[in-house]
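Peer 1: Questions regarding the structure given below will be posed in turn.
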Amino acid sequence: MKVYLPRDAAARALGADEIALAIQAEAARRGRTVDLVRNGSRGMVWLEPLAEVVTATGRMAFGPMTLADVPDLFGDLALHPKALGPTHDLPWMRNQTRLTFARVGVIDPLSMDDYRAHGGLAGLRRALTLDSAGIVAEVIASGLRGRGGAGFPTGIKWKTVADAAADRKYIVCNADEGDSGTFADRMLMEGDPLTLIEGMVIAGIAVGATKGFVYLRSEYPDAIDVMTQAVDLARAAGLLGPSVLGSAHAFDMEIRTGAGAYVCGEETSLLNSLEGKRGVVRAKPPLPALQGFMGKPTVVNNVISLATIPAIFEMGAAFYRGFGLGRSLGTIPLQIAGNVARGGLYECAFGLTLTQIIDDIAGGTATGRPVKAVQVGGPLGAYFPRAMFDLPFGYEEYASADGLIGHAGIVVFDDTADMLAQARFALEFCAIESCGKCTPCRIGAVRGVETVDRIARGDAAAIPLLTDLCNTMKSGSLCALGGFTPYPVMSALTHFPDEFRPMKTAAE
Ligand SMILES: Cc1cc2nc3c(=O)[nH]c(=O)nc-3n(C[C@H](O)[C@H](O)[C@H](O)COP(=O)(O)O)c2cc1C
Ligand code: SF4
């Protein structure tokens, strides 16, 4: 009997380890042997812990599992109280386009054999047939844009580093994943870490870098553990080392634990932290692509950007850019969270509307109350009211609506949400997380909290002051922390003006 049960942190938080122990104990009690594989999560968090039993007709899903549901896994599966049917047939799975997450939940994350059997290393093998310029051209042709937030074309960044003359170059993977409501990086690293390593190796070969770092947030102990083991595995298999898969290319990497500040996700602040300095933003220019880690040309890319590279090389740039809309090409792992009936990770082509995402995919709110607002793109993202739910999911589309897609985190609020309190929270978050380098952010965020409190006390004259302050932060801040904090604040004020009415307290 073969059973898959996620070792993903969300599944573990919901009791997966206890279920795993119970499955083994039940098997021993019945004198049965069970091959229990701790896989990544399929992304259906509301069904975790989700057990999958391998049958003659494929993998059958059962969830959310409780200890009481374990014995029935050894009986007639069709009668199991938590039977959901074939995993690949569940609507959440069936309607996705899983390219970056194709193997997550399917394979044993720490088995090189399983990785190879499911297409692993095919992308790298193809990349090894190309020269540096050929690899960079393929990434440019794919249309891939950075999934960390800014949406900068990945291939163009690689070209800048490839064209720079230097004795050493670096690949830095940004796994700080600080945005609220986001977990795609974590799920990828816990569920298919070798894909990220393969992507980093391809990046290294493309730009002439022989060393990589994953800057991984300290709050992700499971991901740190899996990635550390995966690096050892990759080294043992010759994927990392002096001769990548027997080629003339060398590449090796290290996992570094983050310092625990939101601003350390900003690339220059991250590089300072990686160099052992305080996580303060550096002025640009120079670009990290020209003077990054230790002053050398450095590719800084998000986990999802790098983990998408193997699929692009395996399937071809033309295939990848066949998905999406406008200049938002390929697929995006949506992370649906907050007050929703069905939350989790859903990879699909760009272009879905929030109506489709929230009403159809996520099944509306968990409370059953009407959706009031959705914050897209983390703590610096705008709040959208239902009137704007037909906006297609794309970089330019969201920017033209004064929003951003960021790392594609979608946090849903029902009609009990207090938008004035949310505006205050955005400014308070900025005040706490500001690195302090520039005045509009360091001082502006504090004055912003005070101004929202004045509005809450009924001082209507403070509303234009808040608008002015937001404009100053937007145009005068050195990085996007100060520059984008006005988005949640101004969207709350613009779309929910009644909530900024006199005589409302922020604590209400
Ligand atoms: C305050 C702040 C926090 C950020 N946090 C992250 C993060 O946690 N992960 C990430 O990949 N990018 C983050 N970014 C974006 C990075 O600065 C950078 O654009 C990104 O790592 C580049 O990779 P990409 O081109 O693959 O997106 C952040 C930016 C800012 C301003
Ligand atoms: S905007 Fe804020 S976080 Fe960014 S450099 Fe200025 S003070 Fe630092």
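The values are calculated or read from the model by the stated rules, or taken from the named source; none is laboratory data. Remember, predicted model here, so these are calculated numbers, not experimental data. Note that each Cβ is placed from the backbone with ideal geometry, even for glycine, and that neighbours are counted across all protein chains shown. Quick note on the areas: whole protein, heavy atoms, side chains included, nothing else; ligands and nucleic acids left out. Shrake-Rupley method; radii C 1.70, N 1.55, O 1.52, S 1.80 Å.
Peer 1: Checking the condition in a loop (DSSP other than H, G, I, E, B), charged (D, E, K, R) and away from ligand 2 (no atom under 16 Å from the Cβ), which residue from Asp179, Asp167, Asp185 passes?
Peer 2: Details: Asp179 fails: away from ligand 2 (no atom under 16 Å from the Cβ); Asp185 fails: in a loop (DSSP other than H, G, I, E, B).
None of the other options fit; the residue is Asp167.
Peer 1: Residue by residue through the range 267-290, note down the ones that are of a type outside the set (A, V, I, L, M, F, W, C) and crowded, with 19+ Cβ neighbours inside 10 Å.
Peer 2: Residues of the range 267-290 that are of a type outside the set (A, V, I, L, M, F, W, C), as a first pass: 267-269, 272-273, 275-279, 282, 284-286, 288.
Correct list: Glu267, Thr268, Ser269, Asn272, Ser273, Gly279, Arg282, Pro288.
Conditions tested, residue by residue: (1) modelled with pLDDT under 95; (2) under 25 Å from Gly181 (Cα atoms).
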{"site": "Met227", "(1), (2)": "no, yes"}
{"site": "Arg235", "(1), (2)": "no, no"}
{"site": "Glu254", "(1), (2)": "no, no"}
{"site": "Ala259", "(1), (2)": "yes, yes"}
{"site": "Leu270", "(1), (2)": "no, yes"}
{"site": "Ile304", "(1), (2)": "no, yes"}
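Peer 1: Please report, ordered by residue number, the strands (runs of 3 or more DSSP E) entirely within the range 25-72 with at least 2 residues that are under 18 Å from Gly344 (Cα atoms), of a type outside the set (Val, Ile, Thr) and in contact (Cβ under 8 Å) with a residue 24 or more places away in the chain.
Peer 2: Values: elements: 35-37, 51-55, 58-62.
Per the criteria, 51-55.
Peer 1: Next up: Scanning for something in a helix (DSSP H, G or I), modelled with pLDDT of 95 or more and more than 16 Å from ligand 2 (Cβ to nearest atom), does the range 142-149 turn up at least one residue?
Peer 2: Our first condition is that a residue be in a helix (DSSP H, G or I); within the range 142-149, this holds for 142.
In the following step, the residues that additionally are modelled with pLDDT of 95 or more were identified as 142.
Restricting the remaining residues to those that are more than 16 Å from ligand 2 (Cβ to nearest atom) gives 142.
Within the range 142-149, one or more residues are in a helix (DSSP H, G or I), modelled with pLDDT of 95 or more and more than 16 Å from ligand 2 (Cβ to nearest atom).
Peer 1: Filtering the range 359-385 down to residues that are in a strand (DSSP E or B), open to solvent by 10 Å² or more (accessible area, probe 1.4 Å) and of a type outside the set (Lys, Arg), which residue is farthest from Ala445 (Cα to Cα)? Don't jump to the end; show me each part of the working.
Peer 2: If we filter the range 359-385 for residues that are in a strand (DSSP E or B), which is where we start, we get 371-376, 383-385.
From the residues that got through so far, the ones that are open to solvent by 10 Å² or more (accessible area, probe 1.4 Å) too are 371-372, 375, 385.
Filter once more, so that each one left must be of a type outside the set (Lys, Arg): 371, 375, 385.
Values: Val371: 28, Gln375: 19, Pro385: 24 Å.
For the range 359-385, the residue satisfying everything is Val371.
Peer 1: Exactly one condition in (1) closer than 20 Å to Ala102 by Cα; (2) in contact (Cβ under 8 Å) with a residue 40 or more places away in the chain is false for Glu396; which is it?
Peer 2: Checking Glu396 against (1) closer than 20 Å to Ala102 by Cα; (2) in contact (Cβ under 8 Å) with a residue 40 or more places away in the chain, the one that fails is (1).
Peer 1: Can you give me the number of residues within the range 110-131 that are buried (at least 17 other Cβ atoms within 10 Å of the Cβ), in a helix (DSSP H, G or I) and touching a helix residue (DSSP H, G or I) at 6+ places or on another chain (Cβ under 8 Å)?
Peer 2: Qualifying residue count, the range 110-131: 6.
Peer 1: Taking the range 170-202, which residues are in contact with a Lys or Arg (Cβ under 6 Å, 6 or more places away or on another chain) and away from ligand 1 (no atom under 12 Å from the Cβ)?
Peer 2: Tyr170, Asp192
Peer 1: Among the residues of the range 409-450, count how many are assigned to a strand (DSSP E or B) and surrounded by 24 or more Cβ atoms within 10 Å (Cβ to Cβ).
Peer 2: So the count comes out to 4.
Peer 1: State yes or no: is Glu314 farther than 30 Å from Gly483 by Cα, in contact (Cβ under 8 Å) with a residue 12 or more places away in the chain and assigned to a helix (DSSP H, G or I)? Give the steps one after another, and end with the answer.
Peer 2: On the way: farther than 30 Å from Gly483 by Cα: yes; in contact (Cβ under 8 Å) with a residue 12 or more places away in the chain: yes; assigned to a helix (DSSP H, G or I): yes.
So Glu314 fits the description; yes.
Peer 1: While we're looking at this one, here's another question. Scanning for something among the hydrophobic types (A, V, I, L, M, F, W, C), open to solvent by 10 Å² or more (accessible area, probe 1.4 Å), in a helix (DSSP H, G or I) and more than 16 Å from ligand 2 (Cβ to nearest atom), does the range 242-252 turn up at least one residue?
Peer 2: First, the residues of the range 242-252 that are among the hydrophobic types (A, V, I, L, M, F, W, C): 244-245, 248, 250-251.
Add one more test, that the residue is open to solvent by 10 Å² or more (accessible area, probe 1.4 Å), and what stays is 245, 248, 250.
Those left that are additionally in a helix (DSSP H, G or I): 245.
Going one step further and asking which of them are more than 16 Å from ligand 2 (Cβ to nearest atom), we end up with 245.
Checking the range 242-252: at least one residue is among the hydrophobic types (A, V, I, L, M, F, W, C), open to solvent by 10 Å² or more (accessible area, probe 1.4 Å), in a helix (DSSP H, G or I) and more than 16 Å from ligand 2 (Cβ to nearest atom).
Every residue, every condition in (1) surrounded by fewer than 22 Cβ atoms within 10 Å (Cβ to Cβ); (2) among the acidic types (Asp, Glu); (3) within 30 Å of Ala337 (Cα to Cα), yes or no:
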{"residue": "Tyr170", "(1), (2), (3)": "no, no, no"}
{"residue": "Leu188", "(1), (2), (3)": "no, no, yes"}
{"residue": "Glu219", "(1), (2), (3)": "yes, yes, yes"}
{"residue": "Ala230", "(1), (2), (3)": "no, no, yes"}
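Peer 1: Would you call Glu190 closer than 25 Å to Gly378 by Cβ, among the charged types (D, E, K, R) and in contact with a helix residue (DSSP H, G or I) (Cβ under 6 Å, 6 or more places away or on another chain)? Show your work before the answer.
Peer 2: Details: closer than 25 Å to Gly378 by Cβ: yes; among the charged types (D, E, K, R): yes; in contact with a helix residue (DSSP H, G or I) (Cβ under 6 Å, 6 or more places away or on another chain): yes.
So Glu190 passes the test.
Peer 1: I'm trying to understand the selection: among the residues of the range 451-466, which are out of contact with any helix residue (DSSP H, G or I) (no Cβ under 9 Å at 6 or more places or on another chain) and open to solvent by less than 40 Å² (accessible area, probe 1.4 Å)?
Peer 2: Gly458
Peer 1: Of the residues that make up the range 470-485, is at least one open to solvent by less than 30 Å² (accessible area, probe 1.4 Å), away from ligand 1 (no atom under 16 Å from the Cβ) and at pLDDT 95 or above? Let's see the steps before the verdict.
Peer 2: At the first step, the residues of the range 470-485 found to be open to solvent by less than 30 Å² (accessible area, probe 1.4 Å) are 470, 473, 477, 479, 481-483, 485.
With the extra rule that they be away from ligand 1 (no atom under 16 Å from the Cβ), the set shrinks to 470.
With the extra rule that they be at pLDDT 95 or above, the set shrinks to 470.
Looking for residues that are open to solvent by less than 30 Å² (accessible area, probe 1.4 Å), away from ligand 1 (no atom under 16 Å from the Cβ) and at pLDDT 95 or above, one finds at least one in the range 470-485, hence yes.
Peer 1: Here are some conditions: (1) within 14 Å of ligand 1 (Cβ to nearest atom); (2) within 17 Å of Cys470 (Cβ to Cβ). Val449 meets all but one. Which one does it not meet?
Peer 2: Result: Val449 fails condition (1) only.
Peer 1: Of the residues Leu354, Leu334, which is free of Cβ contacts under 8 Å to residues at least 60 places away in the same chain and within 30 Å of Pro64 (Cα to Cα)?
Peer 2: Values: Leu334 fails: free of Cβ contacts under 8 Å to residues at least 60 places away in the same chain.
Unique residue meeting the criteria: Leu354.
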